[in-house]
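Chemist: Can you read through this structure? Questions will come right after.
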Amino acid sequence: MFIETLLVAALVVAALFNIQPTDSGVRLGSSGVREAPSDRDNWVEAYRSAQIVYYANTGTVRKSGRQRTRMWRMTDYKISQINGEFVYTSKKTLEEYDCNIGRVRLLYTALYDGHMGQGEPLFTQSETYAWEDVQLDTGMAAMWRIACNRE
């Protein structure tokens with residue numbers, strides 16, 4: 001009887017806080033806001049330009065279907081960016097990569113005022129965007145190669 005009560009309580013809490021099971025690496029923090037991974041040991045530099053640095057979190061690569069993988073990307077900006085009312089210097093995004101035909105789409109975004117995703121998220125959005133082709137010799141191509149193990 002105790003286990004059944006515990007399961008019912010867990011389901012009620014999940015329903016109240018809209019918690020859904022996921023293996024994407026997104027988790028619900030103590031504040032009730034979804035959080036991106038913070039483990040700095042798994043972030044590896046994937047691409048660098050004069051304005052940005054892309055980091056891939058290799059510890060979050062997960063298969064998400066036939067020839068598809070998901071992985072977290074952190075973008076660190078040299079100059080602060082403005083998005084509406086938010087001024088941010090880094091962001092973490094969960095992206096899904098189609099390894100078969102070279103496409104990527106955004107699943108989740110978190111903006112941070114600190115470099116390297118430091119501090120509390122200023123803004124988060126969980127939305128699946130349309131697929132985009134990965135262009136050769138770009139930062140996204142570098143991310144795709146890591147996510148799809150095409151090094």
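The values are calculated or read from the model by the stated rules, or taken from the named source; none is laboratory data. What you see is a predicted model, and the numbers here were worked out from it, not measured in a lab. Cβ sites come from the backbone with ideal geometry, for glycine too, and all protein chains shown count toward neighbours.
Chemist: Could you please let me know if ILE52 is surrounded by fewer than 17 Cβ atoms within 10 Å (Cβ to Cβ) and farther than 17 Å from ARG150 by Cβ?
Modeler: yes
Rundown of residues vs (1) closer than 19 Å to THR128 by Cα; (2) among the β-branched types (Val, Ile, Thr), yes/no style:
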site: TYR47; (1), (2): no, no
site: ALA50; (1), (2): no, no
site: ALA56; (1), (2): no, no
site: THR60; (1), (2): yes, yes
site: SER64; (1), (2): yes, no
site: GLN67; (1), (2): yes, no
site: LYS91; (1), (2): yes, no
site: TYR97; (1), (2): yes, no
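Chemist: Within region 97-121, track down each residue that is touching a Ser or Thr at 6+ places or on another chain (Cβ under 7 Å) and either exposed (fewer than 12 other Cβ atoms within 10 Å of the Cβ) or not aliphatic (A, V, I, L, M) (or both).
Modeler: TYR97, CYS99, ARG105, TYR108, THR109, TYR112, ASP113, GLY114, HIS115, GLY117
Chemist: Hey, another quick one. Go through (1) modelled with pLDDT under 50; (2) within 24 Å of ASP137 (Cα to Cα) and name the single condition ASP23 misses.
Modeler: (2) is the only condition that ASP23 fails.
Chemist: Here's something else I'd like to know. Give the residue, chosen from THR124, THR69, THR89, that is over 13 Å from the mean Cα position of the chain (by Cα) and surrounded by 14 or more Cβ atoms within 10 Å (Cβ to Cβ).
Modeler: Step by step, each of THR124, THR69, THR89 is checked, and only THR89 is over 13 Å from the mean Cα position of the chain (by Cα) and surrounded by 14 or more Cβ atoms within 10 Å (Cβ to Cβ).
Chemist: Next up: Between a residue in region 140-151 that is surrounded by fewer than 19 Cβ atoms within 10 Å (Cβ to Cβ) and any residue that is assigned to a helix (DSSP H, G or I), which pairs come within a Cβ distance under 7 Å, given they are 6 or more apart or on different chains?
Modeler: Partner pairs satisfying both residue conditions: GLU151/ARG145.
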